[in-house]
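Written out below as C-alpha coordinates is the structure these notes cover.
The values are calculated or read from the model by the stated rules, or taken from the named source; none is laboratory data. Given the structure is predicted, the values throughout are model-derived calculations rather than measurements. Reconstructed Cβ throughout: ideal geometry from the backbone, glycine too, with neighbour counts over all protein chains shown.
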Amino acid sequence: MARAATVDRDTNETTIHVELNVDGTGQADVATGIGFFDHMLDAFARHGRFDLTVKASGDLEVDAHHTMEDAALALGQAFDTALGTRNGIVRMGDALVPLDEALVQAVIDISGRPFASTNFDFIGERIGEAPTEMVPHVLSSFAVGARLTLHVRQLEGANDHHIAEAAMKALGRALDAATQVDPRIEGSVPSTKGTLTA
(Lines give C-alpha, C1' and ligand atoms only; values in the text may rest on other atoms or scores of the structure.)
Protein backbone atom coordinates (compact mmCIF):
# COMPACT_ATOMS: atom_id res chain seq x y z
CA MET A 1 0.00 0.00 0.00
CA ALA A 2 1.45 3.34 -1.08
CA ARG A 3 2.46 5.73 1.66
CA ALA A 4 1.49 8.92 -0.10
CA ALA A 5 -0.61 11.98 0.55
CA THR A 6 -1.78 15.23 -0.96
CA VAL A 7 -2.44 18.28 1.21
CA ASP A 8 -3.94 21.61 0.21
CA ARG A 9 -3.84 24.52 2.63
CA ASP A 10 -5.62 27.75 1.72
CA THR A 11 -5.77 30.87 3.89
CA ASN A 12 -5.97 34.60 3.29
CA GLU A 13 -2.17 34.64 3.49
CA THR A 14 -1.09 31.59 1.47
CA THR A 15 -2.14 28.86 -0.93
CA ILE A 16 -0.10 25.68 -0.49
CA HIS A 17 -0.22 22.41 -2.44
CA VAL A 18 1.90 19.42 -1.34
CA GLU A 19 2.18 15.97 -2.90
CA LEU A 20 4.31 13.41 -1.07
CA ASN A 21 5.40 9.83 -1.62
CA VAL A 22 7.33 8.61 1.42
CA ASP A 23 8.73 5.65 -0.52
CA GLY A 24 10.12 7.64 -3.40
CA THR A 25 13.51 8.19 -4.98
CA GLY A 26 14.19 11.81 -4.06
CA GLN A 27 12.46 13.56 -6.94
CA ALA A 28 11.51 17.13 -6.03
CA ASP A 29 9.41 19.76 -7.80
CA VAL A 30 9.35 22.81 -5.54
CA ALA A 31 8.27 26.40 -6.21
CA THR A 32 7.52 28.69 -3.26
CA GLY A 33 8.74 32.02 -4.57
CA ILE A 34 11.59 31.93 -2.03
CA GLY A 35 14.72 30.64 -3.72
CA PHE A 36 16.64 29.41 -0.72
CA PHE A 37 13.54 27.79 0.79
CA ASP A 38 13.09 25.88 -2.47
CA HIS A 39 16.71 24.77 -2.10
CA MET A 40 16.05 23.62 1.49
CA LEU A 41 13.02 21.56 0.47
CA ASP A 42 14.83 20.08 -2.52
CA ALA A 43 17.74 18.98 -0.30
CA PHE A 44 15.29 17.51 2.22
CA ALA A 45 13.50 15.44 -0.44
CA ARG A 46 16.62 14.27 -2.24
CA HIS A 47 18.46 13.11 0.86
CA GLY A 48 15.33 11.61 2.43
CA ARG A 49 14.48 9.80 -0.84
CA PHE A 50 10.98 11.30 -0.75
CA ASP A 51 9.16 12.25 -3.93
CA LEU A 52 7.88 15.74 -3.21
CA THR A 53 5.91 18.45 -4.95
CA VAL A 54 5.41 21.79 -3.20
CA LYS A 55 3.65 24.68 -4.91
CA ALA A 56 3.15 27.76 -2.77
CA SER A 57 1.99 31.30 -3.29
CA GLY A 58 1.84 33.72 -0.41
CA ASP A 59 2.01 37.30 0.75
CA LEU A 60 5.69 37.74 -0.02
CA GLU A 61 5.07 41.48 -0.20
CA VAL A 62 4.78 41.25 3.61
CA ASP A 63 7.71 38.88 4.12
CA ALA A 64 8.60 35.20 3.78
CA HIS A 65 7.19 34.13 7.14
CA HIS A 66 3.68 32.97 6.21
CA THR A 67 4.76 31.11 3.09
CA MET A 68 7.57 29.23 4.81
CA GLU A 69 5.51 28.46 7.91
CA ASP A 70 2.42 27.25 6.04
CA ALA A 71 4.43 25.16 3.57
CA ALA A 72 6.20 23.47 6.49
CA LEU A 73 2.89 22.81 8.26
CA ALA A 74 1.39 21.32 5.07
CA LEU A 75 4.48 19.20 4.47
CA GLY A 76 4.24 17.87 8.01
CA GLN A 77 0.54 17.14 7.56
CA ALA A 78 1.36 15.20 4.39
CA PHE A 79 3.75 12.97 6.35
CA ASP A 80 1.19 12.53 9.12
CA THR A 81 -1.43 11.44 6.59
CA ALA A 82 0.89 9.27 4.50
CA LEU A 83 2.16 7.31 7.52
CA GLY A 84 -1.37 6.51 8.67
CA THR A 85 -1.37 4.33 11.80
CA ARG A 86 2.45 4.16 11.69
CA ASN A 87 2.23 0.38 12.02
CA GLY A 88 5.52 -1.41 11.49
CA ILE A 89 7.77 1.63 11.22
CA VAL A 90 11.16 1.88 12.88
CA ARG A 91 9.79 5.05 14.54
CA MET A 92 13.08 6.69 15.58
CA GLY A 93 15.91 7.91 13.41
CA ASP A 94 18.95 10.10 13.54
CA ALA A 95 21.45 11.57 11.13
CA LEU A 96 24.68 13.51 11.39
CA VAL A 97 25.36 15.49 8.22
CA PRO A 98 28.45 17.51 7.26
CA LEU A 99 28.58 20.22 4.64
CA ASP A 100 32.12 21.54 4.41
CA GLU A 101 32.75 23.25 7.79
CA ALA A 102 29.16 22.73 9.00
CA LEU A 103 27.98 19.71 10.96
CA VAL A 104 24.34 19.27 11.97
CA GLN A 105 22.53 16.47 13.80
CA ALA A 106 18.83 15.64 13.51
CA VAL A 107 17.06 13.13 15.76
CA ILE A 108 13.42 12.10 15.22
CA ASP A 109 10.77 10.15 17.09
CA ILE A 110 7.55 9.68 15.13
CA SER A 111 5.72 9.65 18.43
CA GLY A 112 2.43 11.40 17.73
CA ARG A 113 3.61 14.15 20.08
CA PRO A 114 4.60 17.38 18.31
CA PHE A 115 7.74 18.92 19.77
CA ALA A 116 10.82 20.60 18.33
CA SER A 117 14.08 21.70 19.90
CA THR A 118 16.59 23.46 17.68
CA ASN A 119 19.98 24.99 18.30
CA PHE A 120 21.61 27.16 15.64
CA ASP A 121 24.22 29.90 15.67
CA PHE A 122 23.52 31.83 12.48
CA ILE A 123 25.68 34.83 11.66
CA GLY A 124 23.48 36.84 9.29
CA GLU A 125 19.82 37.78 9.14
CA ARG A 126 19.07 36.28 5.73
CA ILE A 127 20.11 33.55 3.32
CA GLY A 128 18.94 34.86 -0.03
CA GLU A 129 15.29 35.85 0.49
CA ALA A 130 14.89 33.53 3.51
CA PRO A 131 15.29 34.96 7.03
CA THR A 132 17.63 32.79 9.08
CA GLU A 133 15.18 33.01 11.99
CA MET A 134 12.74 31.02 9.83
CA VAL A 135 14.99 27.95 9.67
CA PRO A 136 14.16 26.83 13.24
CA HIS A 137 10.56 27.97 12.74
CA VAL A 138 10.21 25.80 9.62
CA LEU A 139 11.52 22.80 11.58
CA SER A 140 9.13 23.48 14.45
CA SER A 141 6.16 23.94 12.09
CA PHE A 142 7.02 20.70 10.32
CA ALA A 143 7.15 18.83 13.66
CA VAL A 144 3.72 20.21 14.58
CA GLY A 145 2.17 19.21 11.26
CA ALA A 146 3.76 15.76 11.26
CA ARG A 147 3.07 15.16 14.96
CA LEU A 148 6.60 14.06 15.74
CA THR A 149 9.41 14.88 18.13
CA LEU A 150 12.38 16.58 16.52
CA HIS A 151 15.77 17.69 17.82
CA VAL A 152 18.14 19.51 15.48
CA ARG A 153 21.44 20.96 16.61
CA GLN A 154 24.35 22.64 14.93
CA LEU A 155 27.61 21.12 16.11
CA GLU A 156 29.91 23.11 13.84
CA GLY A 157 29.54 25.78 11.19
CA ALA A 158 30.48 29.28 10.08
CA ASN A 159 28.50 29.63 6.83
CA ASP A 160 24.73 30.13 7.23
CA HIS A 161 23.93 28.50 3.87
CA HIS A 162 25.91 25.40 4.79
CA ILE A 163 24.34 25.19 8.26
CA ALA A 164 20.75 25.46 7.01
CA GLU A 165 21.30 23.07 4.11
CA ALA A 166 22.98 20.50 6.37
CA ALA A 167 20.00 20.78 8.75
CA MET A 168 17.52 19.95 5.98
CA LYS A 169 19.65 17.07 4.69
CA ALA A 170 19.90 15.71 8.24
CA LEU A 171 16.14 16.04 8.69
CA GLY A 172 15.55 14.12 5.47
CA ARG A 173 17.96 11.33 6.33
CA ALA A 174 16.69 10.96 9.91
CA LEU A 175 13.09 10.88 8.71
CA ASP A 176 13.94 8.32 6.04
CA ALA A 177 15.44 6.08 8.73
CA ALA A 178 12.48 6.53 11.07
CA THR A 179 9.84 5.82 8.41
CA GLN A 180 11.40 2.56 7.22
CA VAL A 181 9.24 -0.51 7.71
CA ASP A 182 10.75 -3.05 10.11
CA PRO A 183 9.78 -6.58 8.96
CA ARG A 184 10.53 -7.96 12.43
CA ILE A 185 7.45 -6.35 13.95
CA GLU A 186 5.07 -7.30 11.12
CA GLY A 187 2.86 -4.24 11.13
CA SER A 188 2.46 -3.83 14.88
CA VAL A 189 2.79 -0.41 16.48
CA PRO A 190 6.23 0.20 18.05
CA SER A 191 4.85 1.64 21.28
CA THR A 192 3.94 0.34 24.71
CA LYS A 193 0.77 2.47 24.40
CA GLY A 194 -0.32 0.50 21.36
CA THR A 195 -0.73 3.68 19.30
CA LEU A 196 1.36 6.48 17.85
CA THR A 197 -1.57 8.58 16.72
CA ALA A 198 -3.48 9.31 19.93
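Figures for the structure shown
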{"item": "Residue identified as surrounded by 15 or more Cβ atoms within 10 Å (Cβ to Cβ), out of contact with any Pro (no Cβ under 7 Å at 6 or more places or on another chain) and part of a loop (DSSP other than H, G, I, E, B) among VAL97, VAL189, VAL135", "result": "VAL189"}
{"item": "Any chance LEU175 is modelled with pLDDT under 95 and surrounded by 17 or more Cβ atoms within 10 Å (Cβ to Cβ)", "result": "no"}
{"item": "From ALA56, ALA2, residue being modelled with pLDDT of 95 or more and of a type in the set (A, V, I, L, M, F, W, C)", "result": "ALA56"}
{"item": "Pair list, Cβ under 8 Å, 6 or more apart: the range 17-39 residue crowded, with 17+ Cβ neighbours inside 10 Å, other residue among the polar types (S, T, N, Q) and in a loop (DSSP other than H, G, I, E, B)", "result": "ASP38/THR32"}
{"item": "Residues located in the range 33-66, provided they are part of a loop (DSSP other than H, G, I, E, B), among the charged types (D, E, K, R) and farther than 12 Å from LEU20 by Cα", "result": "ASP59, GLU61, ASP63"}
{"item": "Tally, over the range 100-111, of residues that are in a strand (DSSP E or B) and over 19 Å from ASP160 (Cα atoms)", "result": "3"}
{"item": "Pairs with Cβ under 9 Å, 6+ apart, first in the range 151-174 and over 15 Å from ASP38 (Cα atoms) and of a type in the set (D, E, K, R), second in a helix (DSSP H, G or I) and at pLDDT below 95", "result": "none"}
{"item": "Residue satisfying all of: in the range 47-62; under 17 Å from LEU73 (Cβ atoms) and among the charged types (D, E, K, R); surrounded by the most Cβ atoms within 10 Å (Cβ to Cβ) among these", "result": "LYS55"}
{"item": "Some residue of the range 152-162 being modelled with pLDDT of 95 or more, more than 16 Å from the chain's Cα centre (by Cα), assigned to a loop (DSSP other than H, G, I, E, B) and buried (at least 20 other Cβ atoms within 10 Å of the Cβ)", "result": "yes"}
{"item": "Residues of the range 150-181 satisfying the condition of being charged (D, E, K, R) and more than 13 Å from VAL138 (Cα to Cα)", "result": "ARG153, GLU156, ASP160, LYS169, ARG173, ASP176"}
{"item": "Checking ALA28 against (1) in contact with a helix residue (DSSP H, G or I) (Cβ under 8 Å, 6 or more places away or on another chain); (2) on the phi > 0 side of the Ramachandran plot; (3) of a type outside the set (S, T, N, Q), the condition it does not meet", "result": "(2)"}
{"item": "Cβ-Cβ under 9 Å pairs, at least 6 apart or on other chains, the range 92-108 side on the phi > 0 side of the Ramachandran plot, far side among the small types (Gly, Ala, Ser) and surrounded by 18 or more Cβ atoms within 10 Å (Cβ to Cβ)", "result": "ASP100/GLY157; ASP100/ALA166"}
{"item": "ARG126 being surrounded by fewer than 18 Cβ atoms within 10 Å (Cβ to Cβ) and closer than 20 Å to LEU103 by Cα", "result": "yes"}
